[in-house]
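First up is the structure itself, then whatever we jot down about it.
The values are calculated or read from the model by the stated rules, or taken from the named source; none is laboratory data. Predicted model, so just to flag it, every value in this text is computed and none were measured. Don't worry about glycine lacking a Cβ; one is built from the backbone with ideal geometry, like all the others, and counts go over all protein chains shown.
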Amino acid sequence: MTKTLGESLLEKKYINGTQLEEALERQRLQGGRLGCNLVALGHISQEQLLSFIQRIPPIPKDIPETGLELDLIVELTLKNILHLGNFRLPQAANLLKLPNGIVEKALDELRQKRFVEVSKADQLAKLTYHYRVTDDGKRRGAELLEVCRYVGPAPVLLDEYRQMVASQTVKTILVNPPCVEQAFAGLIVNCSLLKRLGPAVSSGKAIFLYGPPGNGKTTIAETIGKIMPDDIFVPYAILVGAEIVTVFDPVNHVTVAPVESEEPYDQRWAKIRRPVIMTGGELTLRMLDLEFNPVAKFYDAPLQMKANNGLFIVDDFGRQQMAPDKLLNRWIVPLERRTDFLSMQSGMKFEIPFDQLVIFSTNLEPRTLVDEAFLRRIRYKIKIDHPSREEYTEIFKKVCASHQVEFKPAVFDFLLQRYQQQGVRLNACHPRDLLDQIIDVSHYQCEPPEMTIDSVTAAWENYFVEM
């Protein structure tokens with residue numbers, strides 16, 4: 001079971017039991033986060049809290065500190081070096097993301113079993129040894145690959161993963177009005193909406209964005225990802241029992257370039273930006289479960305696990321290949337308790353943290369999708385409505401400027417009259433789409449794009465369906 005912040009601080013003796021009780025009572029009466037209440041009571045400094053929360057995975061000094069058995073490291077080493085030809089110790093250590101001293105012990109074991117031999121030595125130091133896999137080693141490596149084809153960094157233990165997710169929780173994200181305004185500076189969003197979005201993001205609770213299509217729900221959801229501060233650590237893989245589950249995903253995880261001044265850390269963890277994972281109509285219940293590869297014989301983590309400590313956007317909610325209530329029933333416990341349970345083929349179940357800001361985005365009426373019981377569990381329901389005339393004008397000007405098309409007030413007034421005559425509501429996506437139509441025609445005619453009554457009329461007739 002994942003420890004709470006209070007339990008972890010208590011275990012590490014940052015605070016005592018009495019101080020924790022005082023902070024919990026203050027939190028009950030005044031709200032806010034436990035950490036902020038501890039700081040307000042003077043039981044812990046802001047610097048101590050941040051240093052505890054922003055945990056860096058320490059480099060293991062020896063095999064016991066990796067949490068792994070020597071046999072597992074030896075077998076994984078052999079699979080990694082199997083096709084290297086001649087190699088040196090640092091190359092093998094880089095593949096396993098383990099310190100040289102630990103991989104050296106694995107290579108010594110492989111040498112004793114005659115699976116690896118030294119082909120050349122520049123000096124007596126083992127760092128200069130040139131190794132190669134023997135024929136016996138190749139046979140043994142092939143046997144190991146038949147059992148599990150995972151090749152890559154050594155895994156971390158499930159419990160270490162739980163602790164790291166807890167220390168990087170989205171509940172500790174500090175969001176204030178200036179950073180929200182900065183993130184949304186490139187969009188035309190009214191102040192009242194920003195005042196609602198800020199506290200919603202800061203809470204770390206689920207958000208339901210709804211409203212008519214084409215008014216920026218998806219864009220707003222993606223922009224929320226820019227608000228989320230700090231980098232986090234995610235393991236390349238974790239070990240659950242005797243099974244390997246890959247977690248790092250180069251498609252959804254953006255690595256952060258190392259900084260010279262930063263403290264060294266366990267390289268089995270990748271340092272990434274807080275993940276922003278978006279899924280739409282393609283989402284199925286199967287994507288929320290462990291995926292076992294019958295050929296490779298190891299597991300891949302589900303989407304919500306890859307989104308831990310970040311943002312998970314369910315776009316076009318209600319248009320998935322499954323009924324909305326099935327998804328909501330799958331997540332009703334994780335959303336409340338912030339934990340999830342995954343099952344392996346053997347039937348073994350294990351608990352993982354469910355620590356992410358979940359955003360449901362839909363253009364369907366919420367009450368037709370979910371019942372009141374579930375809506376109560378989503379604390380923030382925010383409607384993204386049609387823009388006002390003033391907002392629509394600002395959006396249109398902004399789009400014109402981005403495409404280097406002169407904004408002409410008289411032509412724009414003609415366009416607004418067309419809206420009124422046809423009874424069409426203003427949508428935030430229309431300026432972009434209409435300008436794209438004008439640019440397409442201008443490119444076809446080999447002329448610079450221009451905002452004229454003729455070009456706007458043609459764009460309108462191509463874009464809207466008229467009865």
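So which of L145, L98 is in a helix (DSSP H, G or I) and touching a residue at least 24 places away in the same chain (Cβ under 8 Å)?
Numbers: L98 fails: in a helix (DSSP H, G or I).
Every option except L145 fails the conditions.
Yes/no matrix, rows are residues, columns are (1) crowded, with 21+ Cβ neighbours inside 10 Å; (2) of a type in the set (G, A, S); (3) modelled with pLDDT under 95; (4) closer than 22 Å to E160 by Cα:
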{"position": "D71", "(1), (2), (3), (4)": "no, no, no, yes"}
{"position": "L76", "(1), (2), (3), (4)": "yes, no, no, yes"}
{"position": "L82", "(1), (2), (3), (4)": "no, no, yes, no"}
{"position": "G85", "(1), (2), (3), (4)": "no, yes, yes, no"}
{"position": "R88", "(1), (2), (3), (4)": "no, no, yes, no"}
{"position": "A93", "(1), (2), (3), (4)": "yes, yes, no, yes"}
{"position": "L98", "(1), (2), (3), (4)": "yes, no, no, yes"}
{"position": "I102", "(1), (2), (3), (4)": "yes, no, no, yes"}
For R274, state whether it is touching a residue at least 40 places away in the same chain (Cβ under 8 Å), under 24 Å from F354 (Cβ atoms), buried (at least 17 other Cβ atoms within 10 Å of the Cβ) and touching a Gly at 6+ places or on another chain (Cβ under 8 Å). yes
Looking at V456, V399, V465, V424 in this structure, which one is in contact with a Leu (Cβ under 6 Å, 6 or more places away or on another chain), of a type in the set (A, V, I, L, M) and farther than 25 Å from E222 by Cβ? V456
Before we move on, is P64 out of contact with any helix residue (DSSP H, G or I) (no Cβ under 9 Å at 6 or more places or on another chain), over 24 Å from F292 (Cα atoms), in a helix (DSSP H, G or I) and of a type outside the set (F, W, Y)? yes
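Take the stretch 4-48 and flag every residue that is small (G, A, S) and in a helix (DSSP H, G or I). Before you say what the answer is, go through the steps one by one.
Taking the stretch 4-48 first, the residues small (G, A, S) are 6, 8, 17, 23, 31-32, 35, 40, 42, 45.
Listed by number, the residues that qualify are G6, S8, G17, A23, G35, A40.
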Is one or more of the residues making up the stretch 229-243 touching a residue at least 24 places away in the same chain (Cβ under 8 Å), on the phi < 0 side of the Ramachandran plot, in contact with a Gly (Cβ under 9 Å, 6 or more places away or on another chain) and of a type in the set (S, T, Y)? yes
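From the set of residues in the stretch 428-467 that are outside any helix (DSSP H, G or I) and in contact with a helix residue (DSSP H, G or I) (Cβ under 8 Å, 6 or more places away or on another chain), which is modelled with the lowest pLDDT? Let's see the steps before the verdict.
Let us first name the residues in the stretch 428-467 that are outside any helix (DSSP H, G or I), namely 428-429, 445-452, 464-467.
Subsequent filtering for residues that are in contact with a helix residue (DSSP H, G or I) (Cβ under 8 Å, 6 or more places away or on another chain) retains 428, 448-452, 464, 466.
Values: A428: 92, P448: 92, P449: 92, E450: 93, M451: 94, T452: 93, F464: 89, E466: 67.
Going through the qualifying residues, I end up with E466.
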Restricting the search to the stretch 383-410, which residues are among the basic types (K, R) and surrounded by 13 or more Cβ atoms within 10 Å (Cβ to Cβ)? K383, K397, K398, K408
Output the number of residues of the stretch 120-142 satisfying the condition of being in contact (Cβ under 8 Å) with a residue 40 or more places away in the chain and either surrounded by 18 or more Cβ atoms within 10 Å (Cβ to Cβ) or assigned to a strand (DSSP E or B) (or both). 8
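Report yes if A401 is farther than 28 Å from L426 by Cα, among the aliphatic types (A, V, I, L, M) and in a helix (DSSP H, G or I), otherwise no. Spell out how you get there, then give the answer.
Working: farther than 28 Å from L426 by Cα: no; among the aliphatic types (A, V, I, L, M): yes; in a helix (DSSP H, G or I): yes.
So A401 fails the test.
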Of the residues E117, E104, which single one is in a helix (DSSP H, G or I), acidic (D, E) and not assigned by TED's automatic domain parsing to the domain that holds I238? E104
Considering the stretch 413-427, residues that are assigned to a loop (DSSP other than H, G, I, E, B) and of a type in the set (A, V, I, L, M), and then whichever is nearest to N215 (Cα to Cα), we arrive at L426
Hits in the stretch 106-156 - residues which are acidic (D, E) and touching a Ser or Thr at 6+ places or on another chain (Cβ under 6 Å): E117, D122
